[in-house]
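The values are calculated or read from the model by the stated rules, or taken from the named source; none is laboratory data. Please read all numbers here as calculations on a predicted model, not as lab measurements. Positions of Cβ are generated from backbone atoms using ideal geometry, with glycine treated the same way; all protein chains shown enter the neighbour counts.
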Amino acid sequence: MEAGELGLYIFCACAFATFLQHPASPVRHFIFSAVSRRALMGFAMGATTIAIVLSPWGKRSGGHFNPAITSTFYRLGKVEFWDTWFYVIAQFLGAISGVAVARYMLRGALGHYAVRYAVTVPGMYGDAVAFVAELAISFILMITVLFATNSKRLAPYTAYLVGVLIAAYYTLEAPLSGMSTNPARTFGSAVHADYWDALWIYFMAPTVGMFCAAEIFLRVRGGAPPYCAKLHHANDKRCIFRHAEQASVMASSASAADPVKSIHENAGGVRMSEVEHYEFLVIGSGESGKHLTWTMAQAGHRTAVVERKYIGGSCPNIACLPSKNVIRSAKANWFARHGAEYGIQTGPVSTDMRGVFNRKRKMVEAEVQGHLDRFKATGAELIRGEARFVAPKTVEVRLNDGGRRAITSDRVFLDLGSRSTIPDIVGLAAAKPMTHVEALDLERLPEHVIVLGGGYVGLELAQALRRFGSAVTVIERGPQIAAAEDPDVAQALLESFTSEGIEVLLDTRTREVEGLSGHKVRVIAENGHGRRTIEGTDLLVATGRTPNTQNIGLEVVGIELDARGYIKVNERFETTAPGVWAMGDCAGSPQFTHVAYDDFRVVRDNLSGGNRTTRDRLIPFCMFTDPELARVGLNETEAKRRGIAYRLAKLPMAAVLRAVALVETRGLVKMLIDTQSDRILGFAALGVEGSEMMAAVQTAMLGGLPYTVLRDAIFTHPTTAEGLVYLLATVPAKSMQCSA
């Protein structure tokens, strides 16, 4: 089809050139003006271009018929490498064939002149001017195509804009460059007319001009590739030349008229012909969503992911990785302030929060770029906007850059994530408190931070801010910090915090907040001793998470939520709506990135015919305070609540030689072992490199190994894993158990 398109285009160019420019043409007896004849030529070629592009075969192939355009869209990632070669070869063959047909049908001198006039020889001012003019034409043509096809308003008219530009170029600019913008067209004519003098102009200038347009387009869009290349239907999702195909897809996929009717009623009257169809549609590019998107796209499925804000989700942007980056800076600050303990003399130490922020920012930017590169490499389309269901398996996307898209898919996957909960406390919302997002973006050092919540997020950031130099008060409504942990572990962590000068108020409820975070705040709190007012400069809320399941139209398609607002799913992550899955935080999974990744694996394996579920998942976690708190499996509190008898091994970190060598002996390790066998039930470590010790225990648990394998293992000395040998040497005999 591509060769046929260009062959037809070249034939028409030859024919029009003959009848308008040949000295014996009867047209010249009626139209004496060369400008008028060029205008007719331009009008004819513009109309020919529009007709070819909008023809049925043009809609299928994309209407390339230009090697410079094809190469440019390869640069933009919209055409694959081998597809590029396929198109370019077809274009050159089509050009040669088109001229051959023209010469055959216009025999004799007419045929020769037809070819000669279609060669587009340099203009009247020579090669240099012709090159510059041709480059400018090509640049304008490509920039028009890119910005028009990626604008919701202009996209339907792109073919006509191109036709008008071609008509204008022939009329006004042809005397300067000869007007080609198509290396294949020039080559085909040159082969038959034996005219090679200026061939380099029509090969280099269009390619350079269009590549320059592509680079400017990418910079304007911040590196984001175009939604539409206009030319390659197999991969493009927003191309105006897909309208007829999309209409038939929508009509066949919605044999009942209800989805289309719903789109008209709920999506602002989006036309049926504008509904785009995918095999896989993922809403949210978090850990589960992005890996599913990459996997399905790489397998050859037509896949898109809609992301409203954070490319890659919370983890690389505002959560896991940025927080650990900032915590590391805080650790470096702590080392600097305690240099004398290590025999290092330092002067006064101060914190440059802008430097801390910039270090974190560079890491985040590199992560985001890595994600963009991965989306491009896998062929998945990243759509920046906010999606909302308007019908079964059909969403409307409000694009971040304006406009809307209506999308239907065979399968839809929700990875909506969660956000920080702001409790309903008098004056709290008006005080505009920080969440972890704002805390990680601080470019100033707060004087006194009041942290509401003694969970993982609150404790990590509280310690980091304290080490940077802020005064910190933590308010926890429960009887201990780290509420899910055993009392002895929580107490050891509390002692570590208070030793660093962090004030912790337990069994304390916040009743009212006054002031504005970042300036001055007053928190009125209450406990068994009465009311107390805590004054500070900044307020950080870390009291839990709320799923992002509102205002997305779940009720439209029958997706049910539980009492806490999480999407109801089965052990395969299937929702109550057919063909829709939910993963990660929004599905009620434990809110850890590594769990979300396993959610993806469950869905992926089941899509390929497996039978993977969430039953019996062994989920570890780590809180990156100093010392680290890591746990896998049961702790004593859970075992007692569930009535499970166990044997307990417990050891202070001061007995672990790695901790002794580092002079970081705070904390403890403990393991629960089954009373009837030597099976490991759970493990907790509060201590330096505790997460690495936990990983060794988790591996043993996954393998079903008895604790004796670890006890009798030869671990490298001195490592934290070696501490397991000392810990497990204290395991009581099977007859000695802790009663539930």
message: Among the residues in segment 681-703, are any surrounded by fewer than 18 Cβ atoms within 10 Å (Cβ to Cβ) and outside any helix (DSSP H, G or I)?
response: yes
- prompt: ILE481: in a loop (DSSP other than H, G, I, E, B) and among the hydrophobic types (A, V, I, L, M, F, W, C), yes or no?
  reply: yes
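Residues checked against (1) closer than 19 Å to ALA330 by Cβ; (2) touching a residue at least 40 places away in the same chain (Cβ under 8 Å); (3) in contact with a Phe, Trp or Tyr (Cβ under 9 Å, 6 or more places away or on another chain); (4) in the same structural domain as TYR456 (by TED's automatic domain parsing):
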| site | (1), (2), (3), (4) |
| --- | --- |
| VAL474 | yes, no, yes, yes |
| GLY478 | no, no, no, yes |
| ASP486 | no, yes, no, yes |
| GLN491 | no, no, no, yes |
| ILE502 | yes, yes, no, yes |
| ARG509 | no, no, no, yes |
- request: Name, by its number, the condition in (1) free of Cβ contacts under 8 Å to residues at least 40 places away in the same chain; (2) over 20 Å from GLY313 (Cβ atoms); (3) among the aliphatic types (A, V, I, L, M) that does not hold for ALA366.
  value: (2)
- prompt: Given the structure, is LEU516 touching a Pro at 6+ places or on another chain (Cβ under 9 Å) and under 19 Å from MET434 (Cα atoms)?
  reply: no
- request: Please enumerate the residues belonging to segment 709-729 that are surrounded by 13 or more Cβ atoms within 10 Å (Cβ to Cβ), more than 42 Å from the chain's Cα centre (by Cα) and in contact (Cβ under 8 Å) with a residue 12 or more places away in the chain.
  value: ARG711, ALA713, VAL725, TYR726, LEU727, LEU728
- request: Go through segment 592-623 and count every residue that is under 21 Å from GLY544 (Cα atoms), hydrophobic (A, V, I, L, M, F, W, C) and assigned to a helix (DSSP H, G or I).
  value: 2
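Please work out if ALA304 is closer than 25 Å to SER608 by Cα, part of a strand (DSSP E or B) and among the small types (Gly, Ala, Ser). Step through it out loud before you land on a result.
Values: closer than 25 Å to SER608 by Cα: yes; part of a strand (DSSP E or B): yes; among the small types (Gly, Ala, Ser): yes.
So ALA304 fits the description; yes.
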- prompt: For the subset of segment 342-377 comprising residues that are β-branched (Val, Ile, Thr), crowded, with 16+ Cβ neighbours inside 10 Å and more than 22 Å from the chain's Cα centre (by Cα), which member is nearest to THR293 (Cα to Cα)?
  reply: VAL356
field: Filter result (at pLDDT below 75, buried (at least 20 other Cβ atoms within 10 Å of the Cβ) and part of a helix (DSSP H, G or I)) within segment 138-157
entry: THR149, ALA155
statement: Picking from ARG388, ARG405, ARG419, ARG384, the residue that is assigned to a strand (DSSP E or B), of a type in the set (D, E, K, R) and closer than 23 Å to ALA542 by Cβ would be ARG419
